[in-house]
């Protein structure tokens with residue numbers, strides 16, 4: 001009995017000693033971890049430059065067409081413009097990772113127009129064939145807004161819209177006509193300028209080369225309104241008043257290569273705070 005009591009007392013003493021030693025050991029702090037990085041939300045000014053290939057479409061309209069006798073058969077053949085080039089610059093602002101806007105101005109090179117009309121008059125009135133040569137050049141200013149649709153492997157597809165003004169300068173138009181009776185008439189109208197409301201739709205993809213430099217490949221549909229011509233006259237110099245020729249519904253489908261350079265470094269977000277597990 002005495003030995004049992006002794007063993008119990010020894011075990012209790014050993015337990016108390018271990019508890020005391022454990023109390024004297026330093027307590028290790030709980031593990032720390034970083035909070036997840038915040039969603040990137042940044043802004044910054046940028047400069048841009050663009051070069052593009054243009055394809056213009058329009059309807060050549062002569063006000064005299066509206067006075068043709070009833071029953072006249074009227075056809076147009078081969079009406080169209082040559083391809084051209086555009087050169088633009090602009091300044092913009094990136095509001096966050098998906099929204100940006102810019103203001104751009106561009107010069108669009110001169111392109112030539114050719115085409116012909118063929119008219120057959122009713123009641124044996126004969127026929128008339130006209131051949132046309134003309135052209136135009138233009139300047140366009142737009143305010144644009146874009147939505148960036150996410151980034152995969154540094155590629156960011158985007159869409160956008162723009163509105164502004166188009167200043168169109170025609171380069172003159174000639175009209176050489178032949179009747180079925182063998183008569184020839186030659187007419188020329190001087191060039192003239194007009195400024196119209198313009199609007200555009202953009203779609204493309206951007207590649208971020210560095211944090212400050214981005215390259216874009218984009219398609220743009222551009223509506224520029226109508227272009228007019230000036231004083232008309234026959235080739236012998238006889239004036240005929242203001243020309244009745246217009247290019248109506250002028251649109252252009254453009255393929256553009258652009259670059260964007262962020263003017264200032266986008267500030268890096270502060271390091272995330274340390275959070276302790278409680």
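The values are calculated or read from the model by the stated rules, or taken from the named source; none is laboratory data. The structure displayed is predicted, hence computed values, not measured ones. Here Cβ is always computed from backbone atoms with ideal geometry, including for glycine, and neighbour counts include all displayed protein chains.
Some notes on this structure:
- Test set (1) in contact (Cβ under 8 Å) with a residue 24 or more places away in the chain; (2) loosely packed, with under 13 Cβ neighbours inside 10 Å - residue 257 fails condition number: (2)
- Against the criterion of being under 20 Å from residue 222 (Cβ atoms), surrounded by fewer than 14 Cβ atoms within 10 Å (Cβ to Cβ) and modelled with pLDDT of 95 or more, residue 109 qualifies.
- Taken over segment 184-194, the criterion of being in a strand (DSSP E or B) and surrounded by 13 or more Cβ atoms within 10 Å (Cβ to Cβ) is satisfied by 185, 187, 188, 189, 190, 191, 193, 194.
- Yes/no for residue 167 being modelled with pLDDT of 95 or more, under 19 Å from residue 115 (Cβ atoms) and surrounded by 15 or more Cβ atoms within 10 Å (Cβ to Cβ): no
- Selection count where residues are part of a loop (DSSP other than H, G, I, E, B) and surrounded by 11 or more Cβ atoms within 10 Å (Cβ to Cβ), scope segment 60-82: 3
- Number of residues in segment 206-218 that are surrounded by 14 or more Cβ atoms within 10 Å (Cβ to Cβ) and in a strand (DSSP E or B) equals 6.
- Residues located in segment 213-257, provided they are farther than 20 Å from residue 84 by Cα and within 24 Å of the chain's Cα centre (by Cα): 213, 214, 215
- The condition of being in contact with a strand residue (DSSP E or B) (Cβ under 9 Å, 6 or more places away or on another chain) and at positive phi holds for only one of 236, 223, 190, 249, that being 249.
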